[in-house]
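**Q** Here it is, the structure, as structure tokens.
The values are calculated or read from the model by the stated rules, or taken from the named source; none is laboratory data. Values in this document were obtained by computation on a predicted structure and should not be read as measured data. Cβ atoms come from the backbone with ideal geometry, glycine included; neighbour counts cover every protein chain shown. The accessibility values were calculated without ligands, DNA or RNA, using every heavy atom of the protein model including side chains. Shrake-Rupley method; radii C 1.70, N 1.55, O 1.52, S 1.80 Å.
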Amino acid sequence: MDSQIWRTEMCFWVCLFGFLSFIHCVSSEGEGIGGGSTEGLVRIDGKEPIGKIDEDFVCATLDWWPPEKCDYGTCSWGKATLLNLDLSNTILSNAIKAFSPLKLRLGGTLQDKVIYDTEDNKEPCPVPFVKNTTAMFGFNKGCLPMKRWDELNSFFLRTGAKIIFGLNALPGRTLQSDGSATGAWNFTNAESFIRYTVKHNYSIAGWELGNELCGRGVGTSVAASQYVNDTASLHKIVQNVYKGVGLKPLILSPGGFFDAPWFKELADKTTTSLDAVTHHIYNLGPGVDQHLIEKILDPAYLDGIANTFSSLQNILKTSATSASAWVGEAGGAYNSGHHLVTDAFVFSFWYLDQLGMSASYDTKTYCRQTLIGGNYGLLNTTTFVPNPDYYSALLWHRLMGRNVLSTRFAGPKKIRAYTHCAKQSKGIVVLLINLHNTTIVQAKVAFNSTWSLRHRHKFHKSHRSHMQKKHHSGLRSSTERVRGDTEREEYHLTPKDGNIQSQTMLLNGNALNLDSSGNIPTLEPVFVNSSQPIIVAPFSIVFVHIPYVVPPACR
């Protein structure tokens, strides 16, 4: 190891452990158990994957809420939604481009009150939504002018975003006294909108039908049997409008909260018309809840949502459908989240745990509410500056490959562990989350078979050759050097000043900040000798790329 790199790595570790000495309990909710240092073992079964995510698994949402949307006396949406978002903002563009691509789901509560102002639209088309406390969802109908749709698509093209569009599924239905909505979907306006989109060569990756109308619904509900018919109608429209197009958009539904009997009926009866079953997650409760941090730091509470993932996975496995599971919207805490919780470092514990857990149950895509807007955006609503979860999402997107490996952690219960095959190189990536506020964990990695020992020497040669080829192709940064099987790459995420409610995230001891031009900072790892345990600091997150271990599931 040359002296400059040695000094750089020593600086990181000295800074990190110096920083740890100042960590203290942020609040009573943040108190962990134990203290000092303890050991743990990450057990990985790499024989075959337990799940396979989409290449663009990380997804974010853009919503319809106007500035007048307020919760608990706080109005957190501003001009950060589909009708009023500043599409010329440099930070916004750079934030999306960094994913190359970022999947965006356009929709939300008010999507079922949107009129598309196409040429053959006969309804009045008010812009924007007008607040009305007696109306469903607290607002009157709103309108999407085609000029704005043109502007949005120009923006999506410039930034390389992949679009999932949520359609209004309420036209044609009658609201009943019991709160349900009956009757078939009148798709006239939606079909006209889809035809306009195709005519203008706008790229749409998927069309989703409705928002939170399944099960008991939010605001109103539609029976599963009717939704089956309506989904078939959408499928037929897409087949006709996109006739002659090789790769047609996906059909998604229902975009709501999981209800086992309702979802089972949908899956059983949409054998060929549905590509993805989408469900929403707000398992932390309302944003006004004063115990959000306590819930996020409780492993038992985090585990509670696993039953939803497992149940949906079993429904899809046992039905005749070929549809896969998506999380179409997840903000953790409903009603716009909670400032300095859902937009702070602590929320990356929940968010990354959700990504890891959902992937282990074969969820293909996970859409975070929101990219921007509310108190749970990946970007700040007014400044567009990335919140901590943006960097967590970006690291996941760049490091975690499609194949998911079975992972168990033997050690403190407040360590969460997930493993994937590496995304753009050989090896595996382990994600470790330490919910302890005082305990340092020294983790080692072990495998449930002997394949790693049998293939290690063979891989050492192929990995060195692979890295040399990568070097000659110009894909490596100027700080990279060819490494054998003696070092791994680590990305340590910690909060500024040890405060988990901070909105500044540190990567390997350095604050992640935009430069003066609004560019996203580079995310560089530190290199650690493979003989050393993985050091997981209190209240920290670590991504570990181990390039010298290639299990059968990753070949």
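**Q** Give me the distance in nm between label points sitting 7 Å out from Cα along the Cα-to-Cβ direction at residue 130 and residue 532, one decimal.
**A** Each label point is offset 7 Å from its Cα along the Cβ direction, giving 6.5 nm.
**Q** Can you give the net charge of the other residues whose Cβ lies under 14 Å from the Cβ of residue 132, counting K and R as +1 and D and E as -1? Show your work: numbers first, answer last.
**A** Working: positive: 69, 113, 131, 141; negative: 68.
So the environment of residue 132 carries a net charge of +3.
**Q** Would you compute the Debye intensity of the stretch 359-425 from its alpha-carbon atoms alone, equal scatterers and no solvent, and pass along log10 I(q)/I(0) at q = 0.23, 0.24, 0.29 Å⁻¹ to two decimals?
**A** Reported log10 I(q)/I(0), two decimals: -1.03, -1.05, -1.18.
**Q** Given the convex hull over the Cα atoms of the stretch 304-362, what projected area results after averaging over all orientations, in nm²? Don't skip to the end; give the middle numbers.
**A** On the way: hull surface 18.2 nm².
Projected area, direction-averaged: 4.5 nm².
**Q** Here is a follow-up. Just by accessible area at a 1.4 angstrom probe, what is the order of 367, 75 from largest to smallest?
**A** Numbers: 367 0, 75 80 Å².
The most accessible residue leads, giving 75, 367.
**Q** Can I ask one more? Would you mind classifying the stretch 294-405 by shape? Square roots of the alpha carbon gyration tensor eigenvalues, ordered a ≥ b ≥ c; an a/c under 1.5 is rounded, otherwise it is prolate if a/b is larger than b/c and oblate if not.
**A** On the way: a/c = 1.92, a/b = 1.68, b/c = 1.14.
Prolate.
**Q** How much of the DSSP bridge set in the stretch 41-149 is antiparallel, in percent, rounded to the nearest 5?
**A** Working: 2 of 10 bridges.
So the antiparallel bridges amount to about 20 percent of the total.
**Q** Please work out which option in (1) 31.8, 102; (2) 23.8, 76; (3) 28.6, 113 gives Rg and Dmax of the Cα atoms in Å calculated from these coordinates, and answer with its label.
**A** Comparing each candidate, only (2) matches the computed number.
**Q** Using only alpha-carbon positions, what ratio does the radius of gyration of the stretch 29-119 give when scaled by 2.2 N^0.38 Å? Before the final figure, lay out the partial values.
**A** Values: Rg = 21.1 Å, N = 91, 2.2 N^0.38 = 12.2 Å.
Normalised by 2.2 N^0.38 Å, the Cα Rg of the stretch 29-119 equals 1.72.
**Q** Compute the relative contact order of the stretch 335-385 as a whole-number percentage, counting only Cα pairs closer than 8 Å that sit 6 or more residues apart in sequence. If you can, show how the numbers build up before the last one.
**A** Numbers: 39 pairs, mean separation 20.0, N = 51.
Reported relative contact order: 39 percent.
**Q** Going highest first, how would you order 329-335, 356-362 by mean Cβ packing within 10 Å? Please report the intermediate quantities before stating the final value.
**A** Working: 329-335: 24.7, 356-362: 22.0.
Taking the mean over residues of other Cβ atoms within 10 Å, the ranking is 329-335, 356-362.
**Q** Can I ask one more? Would you mind giving the three semi-axes, in whole Å and largest first, of the ellipsoid equivalent to the stretch 141-241 according to its Cα gyration tensor? Please list the in-between numbers first.
**A** On the way: eigenvalues 149, 41, 30 Å².
Square roots of five times the eigenvalues give 27, 14, 12 Å.
**Q** Report, in deg cm²/dmol and to the nearest 500, the calculated mean residue ellipticity at 222 nm for the chain, where each DSSP H run with n ≥ 4 adds -39500 (n - 2.57) and the sum is divided by the residue count.
**A** Details: 12 runs with 151 residues, N = 555.
After summing the helix terms and dividing by residue count, I get -8500 deg cm²/dmol.
**Q** Would you mind checking 269/423; 52/426; 162/243; 317/426; 199/364; 162/444 for any pair whose Cα atoms are more than 28 angstrom apart?
**A** Values: 269/423 35 Å; 52/426 17 Å; 162/243 21 Å; 317/426 30 Å; 199/364 30 Å; 162/444 38 Å.
Among 269/423; 52/426; 162/243; 317/426; 199/364; 162/444, the Cα-Cα distance tops 28 Å for 269/423; 317/426; 199/364; 162/444.
**Q** What percent does the relative contact order of the chain come to when contacts are Cα pairs within less than 8 Å and at least six residues apart?
**A** Values: 1204 pairs, mean separation 112.8, N = 555.
Relative CO of the chain lands at 20 percent.
**Q** To continue, here is another question. Suppose a student asked you for the relative contact order of the stretch 108-252, using Cα pairs under 8 Å spaced at least 6 residues apart; what percent would you report? Please report the intermediate quantities before stating the final value.
**A** Values: 210 pairs, mean separation 33.3, N = 145.
RCO, the stretch 108-252: 23 percent.
**Q** In addition: Send over the semi-axes of the stretch 209-317's equivalent ellipsoid, whole angstrom and largest first, taken as the square roots of 5 times the C-alpha gyration tensor eigenvalues.
**A** On the way: eigenvalues 197, 41, 39 Å².
For the stretch 209-317, the ellipsoid semi-axes come out as 31, 14, 14 Å.
**Q** Name the residue from 181, 393, 135 whose Cα lies farthest towards the positive end of the charge dipole of the chain, charges +1 on Cβ of Lys and Arg and -1 on Cβ of Asp and Glu.
**A** Farthest along the dipole direction, towards plus: 393.
**Q** Could you give the size of the charge dipole of the chain about its Cα centre, using +1 on the Cβ of each K and R and -1 on the Cβ of each D and E, expressed in debye and rounded to the nearest 20?
**A** Values: 52 positive and 47 negative charges, 406 e Å.
My answer is approximately 1940 debye.
**Q** Return the FRET efficiency for the residue pair residue 272, residue 201: r is the Cβ-Cβ distance, R0 is 22 Å, and the value is rounded to the nearest 0.05.
**A** Once the sixth-power term is evaluated, E becomes 0.20.
**Q** Using 0.36 nm per residue, how much length does the chain from residue 317 to residue 150 gain when fully extended, once their Cα-Cα distance is taken away? The partial results should precede the final answer.
**A** Working: separation 167, 0.36 × 167 = 60.12 nm, distance 3.97 nm.
Roughly 56.1 nm would be gained on extension.
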